[in-house]
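Single-structure report; data block below.
The values are calculated or read from the model by the stated rules, or taken from the named source; none is laboratory data. Just so it is clear, the model here is predicted, and its values are computed rather than measured. A quick note on method: Cβ atoms are made from the backbone with ideal geometry, for glycine too, and the neighbour counts reach across all protein chains shown. For the accessible areas, the whole protein counts, side chains as well, though only heavy atoms, and no ligand, DNA or RNA atoms are used. Shrake-Rupley method; radii C 1.70, N 1.55, O 1.52, S 1.80 Å.
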Amino acid sequence: MTPRARTNQLLYQAELLLDIDTRDDEHREARLRAGEEGALALLELALNALLRDVSSHAQLGSHDWRELLVGEADDQPALAELQRLRSLASDGESWLGWLMLRLEALHSDQGAASTRRGPVNAQLISVSDSVGPLEEQLRGCIRAARREIASLRETSEEW
C-alpha cells in the first residue's frame, strides 16, 4: 500500500470509529469515548502517513510528526510541504494545531475523550441526544485535513 492510500484508509477508518453504535445502555459513554480516542489514534497514524506521502521525494529517515513538525526550524528539513504543515501546526486555530493538542492529551494520563454527562438523575428527561463536541471537532478536523492533503499532494507531485 502506498503512503497516499494508507493516509486515505486511516482517515476513512477514523470516520468509521466516530459512527460507532451508540445504543443507550450502560456502556454507551464508554463506547463513545472509545470511538473518539480510537479515531484520534488513527488520525495520529494518518498524520505520520501523510508526512511519508508528501515528503517521499526527500527520502527522510523518519516521518514522525513530533520530529518533523515540532521543535526548532533549524533542525527540520526545509521542504515546502513540511514548512506549510509546521505553519499550520503552530496555529492553534488550524485543524493541525488543534489535532496536535488533542494528540498530546491522548498520550497523557487524562486521555482525550470527552465526557458528556455527569451522574445519572432518573428524574430528568433528556430532550436532546446531542453528540459531544470532541466528535464534532474530530469530524471537522478530518474534513479540513482532507482539503489540505489534496493541496499538499499537488505541491509534492510537482517535485
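The share of accessible area on the range 1-88 that comes from carbon and sulfur is 50 percent, using a 1.4 angstrom probe.
Model label points for Glu104 and Tyr12, set 7 angstrom from Cα along the Cα-to-Cβ axis, are 3.3 nm apart. Between Arg143 and Ser87, residue separation times 0.36 nm minus the direct Cα-Cα distance comes to 18.3 nm. Here the simple spin-label model places points 7 Å from the Cα toward Cβ, and for Arg28 and Ser151 these points are separated by 3.9 nm. For the range 40-54, the Karplus equation 6.51 cos²θ - 1.76 cosθ + 1.60, evaluated at θ = phi - 60°, returns couplings of 5, 5, 5, 5, 5, 4, 5, 5, 5, 5, 4, 5, 5, 4, 8 Hz by residue, with Gly and Pro reported as x. Using the 1.4 Å probe convention, the accessible area of the range 1-93 works out to 53 Å² per residue with neighbouring protein chains retained.
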